[in-house]
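Written out below as structure tokens is the structure these notes cover.
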Amino acid sequence: MTDEAETIMKVVGLAGWSGAGKTTLLTRVIPVLRGRGLSVSTLKHAHHAFDIDRPGKDSHEHRLAGATEVLVASGRRWALMHELREETEPRLADLLVRLSPVELVIVEGFKREAHPKVEIHRAANAKPWLFPDIPDVRALLSDVAAPGFSGPRADLDAIEMAADLLLAAADPLDGVLDLLRRTEPVELARQPRKAG
């Protein structure tokens, strides 16, 4: 990795329906990117209430007592938890600026936002393609060809090619932030929830 002051942070999203294999793909592609000498961070959108803290821990009690932020640190890692309380959910641009400089940020989720994306699609999911309806899908990772898509595509198991597609689709952070701040997220049709 280059010096932090010289690092040009790039951003790319990985978008797909639940069950398409986004997390599995990321756990396979991040080591490939790291093996190429790149520093990588991820930013994941959670659709449901989530908690990284546990009841009974001091940090959990601090949040329950009303703290807006709780930072927990050790010799191995630190984590900052921010309670939104009555605030609205932050947009992607608000979160990207909170990350430390790295060479590549891979965003999982936030598919309605206007950042550059690679769509992951699995035919067995029986879900529609996202690319006609969400902005800036630049490449596809899928187990089938997509009708009407003329951009690059690789198979879900072609991890080296997936890394290439993510890197080629990424844009510098400054341009991504400018675009995100000028556009509103698109509305998507609701998909029925999977049974089970």
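The values are calculated or read from the model by the stated rules, or taken from the named source; none is laboratory data. Here the structure is a predicted model, which means the values were calculated and not measured. Counting neighbours? That spans all protein chains shown, and the Cβs are built from the backbone with ideal geometry, glycine included.
Residue-level analysis places Ile52 among those that are under 18 Å from the mean Cα position of the chain (by Cα), more than 22 Å from Leu173 (Cβ to Cβ) and surrounded by fewer than 17 Cβ atoms within 10 Å (Cβ to Cβ). Of note, Pro172 does not satisfy the criterion of being in contact with a Phe, Trp or Tyr (Cβ under 9 Å, 6 or more places away or on another chain) and surrounded by fewer than 18 Cβ atoms within 10 Å (Cβ to Cβ). Candidates Asp157, Asp164, Asp133: the one that is within 19 Å of the chain's Cα centre (by Cα) and assigned to a loop (DSSP other than H, G, I, E, B) is Asp133. Scanning the stretch 68-84 for residues that are surrounded by 10 or more Cβ atoms within 10 Å (Cβ to Cβ) and either polar (S, T, N, Q) or within 23 Å of the chain's Cα centre (by Cα) (or both) yields Thr68, Glu69, Leu71, Ala79, Leu80, Met81, His82, Glu83.
Applying the set (1) surrounded by fewer than 15 Cβ atoms within 10 Å (Cβ to Cβ); (2) at pLDDT below 95; (3) hydrophobic (A, V, I, L, M, F, W, C); (4) touching a strand residue (DSSP E or B) at 6+ places or on another chain (Cβ under 9 Å) to Ala146 leaves exactly one unmet item: (1). With respect to the conditions (1) part of a loop (DSSP other than H, G, I, E, B); (2) loosely packed, with under 15 Cβ neighbours inside 10 Å, Trp17 lacks only one, and its number is (2).
Among the residues of the stretch 172-195, the ones that are of a type in the set (S, T, N, Q), touching a Lys or Arg at 6+ places or on another chain (Cβ under 7 Å) and either at pLDDT 95 or above or more than 17 Å from Trp17 (Cβ to Cβ) (or both) come to 0 in all.
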